[in-house]
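Everything on this sheet refers to the single structure shown next.
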Amino acid sequence: TVENSYPSFSLKEALSRLMMKIVAFRANQQAAWELSGYDDRMLADMGLYRSDISSIAHGNYPERHTGAANDDHQRAA
C-alpha cells in the first residue's frame, strides 16, 4: 500500500527534534561563552586549550577529553 511505502511524518516529532537541537546549540554556546572568560591557566587546569573553545561551541569535544572524566573516577574508586 501507499501508506507503507513512505516513512511517516509527525510534525510533533519534527518540532521536538528541532527544539532539542536548539537547546543543545544554546547550551554549547553558553559553555563556550563562559570558557572564553577563563584565563589560560584555568583552561589548562581543566585540560583545555583556548583553541578548544570554538569546537565546544559547535558541539565537538576534543578526542583527548572524552575519556578523561571516566579515568579520574576510576582512579578515585
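The values are calculated or read from the model by the stated rules, or taken from the named source; none is laboratory data. No experiment lies behind these values; they were computed from the predicted model shown.
Summary of values
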read-out: Output for the stretch 30-52, where each listed residue is among the basic types (Lys, Arg) and not in a helix (DSSP H, G or I); value: Arg50
read-out: Residue match in the stretch 9-29 (condition: assigned to a loop (DSSP other than H, G, I, E, B) and modelled with pLDDT under 95); value: yes
